[in-house]
Amino acid sequence: MFRTFVLAAALACACAFQAPRKLAGRTNSVAVEAEMSKSLPFLEKPEKLDGSMIGDVGFDPMGLSNQGDLTYMRAAEIKHGRVAMLATVGFFVANFMHIPGMAGKAGNPFDALSEVPLAAHLQVLFLIGTIEFIHLNKTFTSDEPWDLGWGSDRLNSMTKEKVRDP
């Protein structure tokens, strides 16, 4: 049994260094019709990633751009990024700033979650749900659903070229 295993292992190693054989009836000419991605040259460029968006070089190895509307996906990505930034700031600020008379007992932010009453959690969820509901129509119909209209008015007086290249 051991001799058979050693012989099979030796043949497998020897076959690894042998040049591949051509099969009868097959040719080596391959017609490349699809455009290849700039970021992953061994994959085809997704049809929705045409280079019209900032930073678009065709990177989509999982094929997510074919799953839905790219404008909605971009809006969701920006919204999740904003929530993550707020959560990070809140994680650190909670250790240093407290409302007078409301200082928490937990020094660990993970333990502080269980100290907050259920009503406070429901208030936060209600606020998030209200904001989502107000902007629901804009999320699916606007060309720029990530613009909630809460920003500064300083950019309104600038031209698009000035905004892109300060």
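Read-outs throughout are calculated quantities, based only on the coordinates presented, and are distinct from any laboratory measurement. Predicted, not measured: the structure shown is a model, and the values here were computed from it. Note that each Cβ is placed from the backbone with ideal geometry, even for glycine, and that neighbours are counted across all protein chains shown.
Express in nm, to one decimal, how much length is gained between Q67 and V116 on full extension, taking 0.36 nm for each residue of separation and deducting their alpha carbon distance.
13.8 nm
Run the quick spin-label model on E77 and K138: label points 7 Å from Cα toward the beta carbon, then report their separation in nm to one decimal.
2.1 nm
In the structure displayed, which of K45/K162; K38/K162; K48/K79; K79/K162 lie more than 27 Å apart, Cα to Cα?
Pairs exceeding the cut-off: K45/K162; K38/K162.
Test of understanding: what is the full-extension gain from T159 to Q123, defined as 0.36 nm times their sequence separation minus their Cα-Cα distance?
9.0 nm
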